[in-house]
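Here's the structure, in structure tokens; my notes come after.
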Amino acid sequence: MPGTGCLGRRGARPPWLAWWTAALLAAALPGVGQAADDGFQQLFDGKTLTDWQGDAPYWSVRDGAILGQITPETRITKNRFLVYQGELPADFELVAEYRISPQGNSGVNYRSEPVDGVDFVALAGYQCDIDGPLNYTGSNYEERRRTTLARVGESVVVPPSDAAAEPGRVDANAWTLREVTPLPHSADELRDNIRRDDWNEVRIVAHGNRLEHYLNGVLTSRVEDNDLENRRLDGRLGVQVHVGPPMTVEYRVIKVRPLHGDSDPPQAETSNEGRRTK
């Protein structure tokens, strides 16, 4: 703003200085596969789908973000995934930014395994659900297995079971063997914390058998999975486009860092201070 310390034409920076500053910043930022000072490793280079595998034409890169898209011409009958091909730590903290269209349905799968016997890329395992209508965003849904483990606003202990996941133990699209305690924020308050049709931050903490999903810094669901028969303690990472109407979902700044067995994961936010609104 003129007159408040900004440089006018005589004091403008020469072009080489802007180039040099950009070069220094690029050199300082970690590349894909390199850990930053905070221990996070970037999984997406912002330009290509290198190290990711998925079915065309559903996945591409646009404006520095992974784009998952379903059009009227590419409607699907089974959920499709873009799967990270690199190695991941068993215990980790993952942070990503996403934006989803109003009717979109997606999610971040983790500790998952590829589905055999299908002619498309699919995963089975834990998912931090993400959807445009905000019915499920932040819940823990186990794709192709026990279905919903924790809804929005729930802290759940899953007790041991004596058999693999089976339809008879699912009711109303949720696993029936669940001990549920409400989180400090209600489901409606947690939905108000999410920006519609705009960028939001999702954070997943997987530490032993404890799984926590955060949206914009606020704990949205928690699972303590004591089901030795069905739980997984490691696996693949991927993002999803879901069966349904035409949609788009974008993911950017996807990064992960290991959590060691003798360290505590980040603590949940339990106050309303700093919460975002729509």
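The values are calculated or read from the model by the stated rules, or taken from the named source; none is laboratory data. Predicted, not measured: the structure shown is a model, and the values here were computed from it. Virtual Cβ from ideal backbone geometry, glycine too; neighbours counted across all protein chains shown.
Points worth noting:
- Check on Val95, of a type in the set (Val, Ile, Thr) and in a loop (DSSP other than H, G, I, E, B): no
- Here segment 153-201 is the region considered, the condition is being under 13 Å from Thr137 (Cβ atoms) and among the polar types (S, T, N, Q), and the residue that is nearest to the chain's Cα centre (by Cα) is Asn200.
- If you go through segment 231-252 and keep only what is crowded, with 17+ Cβ neighbours inside 10 Å and either of a type in the set (Gly, Ala, Ser) or at pLDDT below 95 (or both), you end up with Gly235, Gly238.
- Within segment 75-95, the set of residues being farther than 12 Å from Phe120 by Cα and aromatic (Phe, Trp, Tyr) comprises Tyr84, Phe92.
- The combined condition, being outside any strand (DSSP E or B) and either crowded, with 20+ Cβ neighbours inside 10 Å or at pLDDT 95 or above (or both), is fulfilled by Ile194.
- The set of residues from segment 223-253 being among the basic types (Lys, Arg) and in a strand (DSSP E or B) comprises Arg236, Arg252.
- The set of residues in segment 60-81 that are in contact (Cβ under 8 Å) with a residue 40 or more places away in the chain and over 11 Å from Tyr251 (Cα atoms) comprises Gln69, Ile70, Thr71, Pro72, Arg75, Ile76, Thr77, Lys78, Asn79, Arg80, Phe81.
- Within segment 65-91, being under 15 Å from the mean Cα position of the chain (by Cα) and outside any loop (DSSP other than H, G, I, E, B) holds for Ala65, Ile66, Leu67, Gly68, Phe81, Leu82, Val83, Tyr84.
- Matching residues in segment 37-53 - criterion: being closer than 14 Å to Ile254 by Cβ, touching a residue at least 40 places away in the same chain (Cβ under 8 Å) and not polar (S, T, N, Q): Phe40, Leu43, Phe44, Gly46
- Looking only at residues in segment 96-145 that are buried (at least 24 other Cβ atoms within 10 Å of the Cβ) and among the small types (Gly, Ala, Ser), the one that is nearest to Ile254 (Cα to Cα) is Gly107.
- Tally, over segment 21-64, of residues that are in a strand (DSSP E or B) and at pLDDT below 95: 2
- Contacts under 8 angstrom Cβ, first residue in segment 189-205 being under 8 Å from Asn216 (Cβ atoms), partner acidic (Asp, Glu) and surrounded by 14 or more Cβ atoms within 10 Å (Cβ to Cβ), 6 or more apart: Asn200/Glu97; Glu201/Glu97
- Test: residue in segment 156-175 that is in contact with a Leu (Cβ under 7 Å, 6 or more places away or on another chain), of a type in the set (D, E, K, R), in contact (Cβ under 8 Å) with a residue 40 or more places away in the chain and not in a helix (DSSP H, G or I): no
- Across segment 114-152, the number of residues qualifying as among the acidic types (Asp, Glu), under 16 Å from the mean Cα position of the chain (by Cα) and farther than 24 Å from Glu224 by Cβ comes to 1.
- Gly107 being within 24 Å of Leu259 (Cα to Cα), in contact with a His (Cβ under 9 Å, 6 or more places away or on another chain), among the small types (Gly, Ala, Ser) and in a strand (DSSP E or B): yes
- A single entry from Thr220, Thr181, Thr148 fulfils the requirement of being assigned to a strand (DSSP E or B) and surrounded by fewer than 16 Cβ atoms within 10 Å (Cβ to Cβ): Thr181.
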